[in-house]
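**Student:** Can you keep this structure in mind? I'll have questions shortly.
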Amino acid sequence: MNIPNNEELLKAGVHFGHMKKKWNPKMQPYIFMERKGIHIIDLNRTLDSMETAADALRGIARSGKKIMFVATKKQARDIVSNAAKSVDMPYVTDRWLGGMMTNFSTVRRSVKKMQNIDRMLSDGSYSNITKKERLTLGRERDKIRKVLGGVEELNRLPAALFIVDIVHEHLAVAEANKLGITTIGMADTNSNPGVVDYPIPANDDSSRSIEIITNYLTSAIKDGLSERNKAREEVAAG
């Protein structure tokens with residue numbers, strides 16, 4: 001997928017920042033102008049940042065490492081979960097559990113519990129329990145799946161996080177930074193772009209803006225995965 005042009009970003013509303021009174025001065029280099037009390041993001045800086053982030057993600061995918069997608073805002077959830085699934089990557093779109101990565105072993109235990117309940121309910125291991133108990137277990141499994149279903153296949157910490165709205169997802173950003181995990185994040189005019197490794201200045205409230213950036217970065221991950229497969233095939237062919 002080619003990088004979107006300025007006109008496409010404009011149509012998606014990527015340039016609309018927050019009201020001036022809500023700005024973070026650290027976003028100054030990415031702001032083009034102020035219009036009617038609203039900051040307008042410099043789309044040339046957005047495009048440069050998108051390309052840089054895409055190169056990083058392509059390389060991570062090529063190396064066979066996992067990239068976790070994080071977006072718990074309502075308008076981003078479906079866009080991000082669908083994008084993550086399309087490249088077989090983990091995602092968190094319901095809520096970020098404190099310790100999701102810094103206490104990863106606890107998260108894995110919860111996932112195993114969910115899988116055990118699943119297996120037992122389907123293979124008849126619980127045939128001797130009451131209907132009410134089955135319902136209770138089913139609800140417990142669904143509750144865990146809602147929060148952790150997107151990381152069910154993640155057996156070790158991801159190499160990178162792609163984050164929509166680094167202010168909203170500050171817990172995820174903090175955990176990634178503590179563990180030295182690479183961070184790529186959409187940064188609106190109210191954020192500090194310095195808290196992530198690859199900030200992308202953009203409107204992180206509009207679903208169209210989230211979609212155009214998420215889809216471009218996902219296509220870079222697809223390219224990295226296909227380069228990896230091609231290299232492996234060449235090695236296998238001798």
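Computed from the coordinates by the stated procedures, all read-outs in this text should not be read as laboratory data. Not measured: the values here are computed from a predicted model. Cβ sites come from the backbone with ideal geometry, for glycine too, and all protein chains shown count toward neighbours.
**Student:** Mind listing P(r) for the stretch 104-150? All alpha-carbon pairs, 5 Å bins, whole percents.
**Tutor:** P(r) for the stretch 104-150, in whole percents per bin: 5, 22, 31, 22, 13, 6, 1.
**Student:** Could you tell me how far the Cα centroid of the stretch 177-238 sits from the Cα centroid of the stretch 26-61, in Å?
**Tutor:** Computed from Cα coordinates, the inter-centre distance equals 13 Å.
**Student:** Moving to a separate point now. May I ask you to give the average projected area over all directions of the convex hull of the Cα atoms of the chain, in nm² rounded to one decimal? All intermediate terms of the calculation are to be shown ahead of the outcome.
**Tutor:** On the way: hull surface 63.9 nm².
Seen from a random direction, the Cα hull of the chain projects 16.0 nm² on average.
**Student:** Projected area of the stretch 145-199, taken from the Cα convex hull and averaged over every viewing direction, in nm²?
**Tutor:** 4.0 nm²
**Student:** A further question on this structure: Lysine pairs, Cα distance under 20 Å, 8 or more residues apart or cross-chain: how many in the stretch 90-216? Could the numbers behind the result be given before it?
**Tutor:** Details: LYS112/LYS143; LYS112/LYS146; LYS113/LYS131; LYS113/LYS132; LYS113/LYS143; LYS113/LYS146; LYS131/LYS143; LYS132/LYS143.
The number of close lysine pairs in the stretch 90-216 is 8.
**Student:** Which of ILE129, ILE163, LEU179 sits farthest toward the positive end of the charge dipole of the chain, with +1 on the Cβ of Lys and Arg and -1 on the Cβ of Asp and Glu?
**Tutor:** With unit charges placed on the Cβ atoms, the residue in question is ILE129.
**Student:** Among the lysines, which fall within straight-line cross-link reach of LYS21, defined as a Cα-Cα distance under 18 Å, with same-chain neighbours fewer than 8 residues apart omitted?
**Tutor:** By straight Cα distance, LYS21 reaches LYS36.
**Student:** Under 19 Å Cα-Cα from LYS230, which lysines qualify once same-chain neighbours fewer than 8 residues away are excluded?
**Tutor:** LYS65, LYS66, LYS222
**Student:** Taking amide H atoms as placed 1.01 Å from N in the peptide plane, list the residues 5 or more away in sequence, or in a different chain, whose amide H sits under 5 Å from that of PHE32.
**Tutor:** For PHE32, whose amide H was placed from the backbone, the distant partners under 5 Å are ILE40, ILE41, ASP42.
**Student:** Tell me, in nm to one decimal, what length is gained between LYS113 and ALA236 on full extension, where the rule is 0.36 nm per residue of separation less the Cα-Cα distance?
**Tutor:** 40.5 nm
**Student:** With each pseudo-label sitting 7 Å past Cα toward Cβ, what's the MET33-GLU227 distance in nm, one decimal?
**Tutor:** Placing both labels 7 Å along Cα→Cβ, they lie 3.8 nm apart.
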